[in-house]
Amino acid sequence: MRSNAVGKGAGLALGMMLACASAHAADVLGVAFVHGTGKQTDARTDYWQPGIIDSVRQGLPNSANYTVINCDFQQYMWTPEAAGCLAGQLTTFINTRGITRLVVITHSNGGNVMRWILSNPTQDSRYPKIIQTISKVTALAPSSAGTPLADAALNGNVFEASVGWLLGYGNDAVRMQQVGWMATYNAQNLYGTAGRPALPKPFRVMVGTDVESAVWDSNSYCGGYAQSVGLELTQNWLGSCSDGFLDCSSQSAAGSVLFNDKARTAGAEPLNHNQSRRECFGLGAILRNDLTL
Amino acid sequence: MTSNKTIAVAIAAALFALPLQAAQTLQPARSTDQVAPRVEGAPLPDSTIERAPLSFAWALDPDQALSAPAPFTAVSRSYWDTVDAATLQRGLDLPLTAPDAVIQVSPSQGARGLGAGQLQVRDPAGVLALDKVVDAQQLRAAGMTVGEGTAMARTGASAAVGTYRLQAPQAQGRYVVQVLEPNSPIALQLQADRQQVLAGGRIALTARLQNDGGPAALAAGRPVARALPAAGEALLVAPDGRSWPVPLVAGKDGLRAQVSIPEDVGQAQGLWELQAFVTAQGVQRDAKVAFAVARPTARFSGQAEVDAAQRQVRLPLQIGAPGRYEARGTLYATGPGGALRPVAQAHSAAWFDAAGAGELLLAFDMVALPGGYSAPFELRDLQLQDQGRMAPIESRAVAVRF
């Protein structure tokens, strides 16, 4: 049996699941791309860009066995619009393509939504089969311990009877990614952080460690120069090691570190928070080569 | 007696000592445990909730020790304030304690947005001190979900310490001004004594303003941690936006408060916050911590039926409100050296239609024990969650030994 995680539920016999999980020879490998905060309807184009999707899926025995998730990750991670939507699209992908080994690649807050499913297998009857089909999660710059930038976006947003929320409501995903909030969710609802039980499947992290935004440096333009400029200033809210949106300590708070960007990227270039979802500095090839490991 | 006979007698004694199924009382609650003294009714949440009973378990690496996370400590070198347009037009004084501060100006609903070119920051000598300014579009492109018309500026690494002046002649309406001093030696540490509490319960808050030498000193291993005589206040904020002022009282070790949580916790999901606003010697800092508040919609009855042979724990429940409840816990087994180590994690959830008695079964037999591990067992970190209302009702560090 490849998995050591076992579930039981209505209409889901343990024996049958053991039999399914042991089918090594007939493995069908698939990959799912899970976006970060935001409500996506065409994440392939708008969030990831086709370059990295197409680069990674070339590493599949059947390059058609991939899916790009489009959900509303402006909501709390446990909601039907977030984890529920993700579970629905993963289940459809697994069933329609006959996937038996699933690699999930997440970016940013997508790692939290995926970790919610892995940590709360009894919340939804679709979760156990998804968990058992997953062989590993590769989390690109996950916001596992939140970000001070979420705090900064919400600080001062008091509720007043006359105007409601002073700065507008924002969204629940940002609220949830405040540093203190993630500390509480990590302590109570999520697994994989220090001192907590391990997740039922490997959750391996790529850490983005720096931002380069010099106008004369062509590397600053991969993923968009304007994005790099903003990240250089937001980096001030963070520690000395960050990708401009997340501290390295947040990215590596859950699971295990697969690699820090510079250790494997072309030219040892750092991947800022936008570049870690784009075809920058050979990231696609790194992920492609990792699919079957 | 030969060694074989000794082993046989020991096994027989162990079998008598460990009946296949035995009722036990849960271990007495510890000071850090959360145990509901009663159950109560509650309306069902609006969202769709799973109805199927589900169980799941997975193996843990016994060599990976587990520990309860310490309550989160927020560390802040920043503060925010609300200001009106007249103040921003005239100029707002910002006392800065270190070079290279970051200033963020966010318009409230209905206020005029400020472009990057509409902020002026002058240093104590009256010289313009803006190293870089970005607008809302650039911040959003960086992933920061700020409102339209927000701007962020940096004063620059060479800037002097002292009272700066922020001015926006085009301001109209109210604004939130945030100041971050990443290089400042003045930091506020804020900690609550727990990360979950029952409605009507109490939570202790500690706020310490101190000169810690700043990030550079900390990175160089030269922390100073000198406490500053501070004053301040706190605010308890519910997820639905209701808030209650909380006085902070000076004590031997900083500012303290004992905070009473209302019985009426509302229906909104999300965490509660304690926000603290502290000043000393003209320096402001604020910070916040978050915690979960649960209504006692169900509880463990206090008994458990254990089956060491099957590695199962049956947990009777008292249900106060219809809903979906989940038990989760970690099985510790006795290893080769006689020490208890974590070997499996199990969850079990079911829907309960009505108030009354219920039961959940944690089945650790779904995963094999690692080689060399066996009884006696302990069930640790036992939790009861109200899955539909997203509320951690009960937690026990050690539940049963069997």
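The values are calculated or read from the model by the stated rules, or taken from the named source; none is laboratory data. In this text, all values refer to a predicted model and were calculated from it rather than measured experimentally. In this analysis, Cβ positions are derived from the backbone assuming ideal geometry, glycine residues included, and neighbour counts consider all displayed protein chains.
Where in region A:89-187 are there helices (runs of 4 or more DSSP H), lying wholly inside it, with at least 1 residues that are away from chain B (no Cβ under 14 Å) and under 25 Å from A:D261 (Cβ atoms)?
Passing ranges, in order: A:110-119.
Inspect region B:113-133 for any residue being farther than 19 Å from B:S184 by Cβ, within 14 Å of chain A (Cβ to nearest Cβ) and within 30 Å of the chain's Cα centre (by Cα) and give the result as yes or no.
No, that holds for no residue.
On the basis of being at pLDDT 90 or above, within 12 Å of chain B (Cβ to nearest Cβ) and closer than 23 Å to A:L118 by Cβ, does A:L246 make the cut?
Yes; evaluated as a whole, the condition is true for this residue.
When you scan region A:252-266, do you find a residue that is in contact with a strand residue (DSSP E or B) (Cβ under 9 Å, 6 or more places away or on another chain), at pLDDT 95 or above, surrounded by fewer than 21 Cβ atoms within 10 Å (Cβ to Cβ) and within 13 Å of chain B (Cβ to nearest Cβ), even just one?
Yes, because at least one residue in region A:252-266 is in contact with a strand residue (DSSP E or B) (Cβ under 9 Å, 6 or more places away or on another chain), at pLDDT 95 or above, surrounded by fewer than 21 Cβ atoms within 10 Å (Cβ to Cβ) and within 13 Å of chain B (Cβ to nearest Cβ).
Going through region A:267-293 one residue at a time, which ones are free of Cβ contacts under 8 Å to residues at least 24 places away in the same chain and within 24 Å of B:A141 (Cβ to Cβ)?
Correct list: A:G282 only.
Return yes or no: is B:E359 more than 28 Å from the chain's Cα centre (by Cα) and outside any loop (DSSP other than H, G, I, E, B)?
When the stated conditions are applied, B:E359 passes them.
Can you tell me which residues in region A:263-293 are hydroxyl-bearing (S, T, Y) and in a helix (DSSP H, G or I)?
A:S276
Out of curiosity, is B:L384 farther than 20 Å from A:P200 by Cβ and outside any loop (DSSP other than H, G, I, E, B)?
Here the answer is yes, as B:L384 does meet what is asked.
Is it the case that region B:246-268 has a residue that's within 14 Å of chain A (Cβ to nearest Cβ), aliphatic (A, V, I, L, M) and closer than 30 Å to B:Q385 by Cβ?
The answer is yes; a qualifying residue exists.
Could you grab the pairs with beta carbons closer than 9 Å, sequence gap of 6+ or different chains, first residue in region B:115-140 and at positive phi, second one surrounded by 15 or more Cβ atoms within 10 Å (Cβ to Cβ) and not in a loop (DSSP other than H, G, I, E, B)?
What qualifies is B:G126/B:R165.
So, of the residues in region A:172-190 that are polar (S, T, N, Q) and under 18 Å from the mean Cα position of the chain (by Cα), which turns out to be farthest from A:Q123 (Cα to Cα)?
Across region A:172-190, the extreme among qualifying residues is A:Q178.
Quick one: A:P197 ticks every box in (1) of a type outside the set (S, T, Y); (2) crowded, with 20+ Cβ neighbours inside 10 Å; (3) in contact with a helix residue (DSSP H, G or I) (Cβ under 6 Å, 6 or more places away or on another chain); (4) in a loop (DSSP other than H, G, I, E, B) except a single one, so which number is it?
(3)
Scanning region B:89-111 for residues that are assigned to a loop (DSSP other than H, G, I, E, B) and away from chain A (no Cβ under 11 Å), which turns out surrounded by the fewest Cβ atoms within 10 Å (Cβ to Cβ)? Write out each step before concluding.
Here is the first cut: in region B:89-111, the ones assigned to a loop (DSSP other than H, G, I, E, B) are B:91, B:97-101, B:108-111.
From the residues that got through so far, the ones that are away from chain A (no Cβ under 11 Å) too are B:91, B:97-99.
Values: B:G91: 16, B:T97: 18, B:A98: 18, B:P99: 19.
So, considering only residues that are assigned to a loop (DSSP other than H, G, I, E, B) and away from chain A (no Cβ under 11 Å), the one surrounded by the fewest Cβ atoms within 10 Å (Cβ to Cβ) is B:G91.
Out of all the residues in region B:246-267, which are over 17 Å from B:R202 (Cβ atoms) and in contact with a Phe, Trp or Tyr (Cβ under 8 Å, 6 or more places away or on another chain)?
Passing the criteria: none in range.
Residue check: is A:V229 at pLDDT 95 or above, over 28 Å from A:T79 (Cβ atoms), among the β-branched types (V, I, T) and touching a strand residue (DSSP E or B) at 6+ places or on another chain (Cβ under 9 Å)?
Criteria not met by A:V229.
Would you call B:L114 in a helix (DSSP H, G or I) and buried (at least 22 other Cβ atoms within 10 Å of the Cβ)?
no
Confirm whether B:A36 is in a loop (DSSP other than H, G, I, E, B) and more than 26 Å from the chain's Cα centre (by Cα).
When the stated conditions are applied, B:A36 does not pass them.
Has region A:154-162 got any residue that is buried (at least 24 other Cβ atoms within 10 Å of the Cβ) and in contact (Cβ under 8 Å) with a residue 60 or more places away in the chain?
No, there is no match, as no residue in region A:154-162 is buried (at least 24 other Cβ atoms within 10 Å of the Cβ) and in contact (Cβ under 8 Å) with a residue 60 or more places away in the chain.
Tell me, please, whether a residue that is within 9 Å of chain A (Cβ to nearest Cβ), crowded, with 19+ Cβ neighbours inside 10 Å and among the basic types (K, R) can be found in region B:147-163.
yes
Can you name every residue in region B:354-373 that is surrounded by 22 or more Cβ atoms within 10 Å (Cβ to Cβ) and closer than 20 Å to B:V39 by Cα?
Passing the criteria: only B:L360.
Does region B:140-150 include one or more residues that are under 30 Å from the mean Cα position of the chain (by Cα) and among the basic types (K, R)?
Yes.
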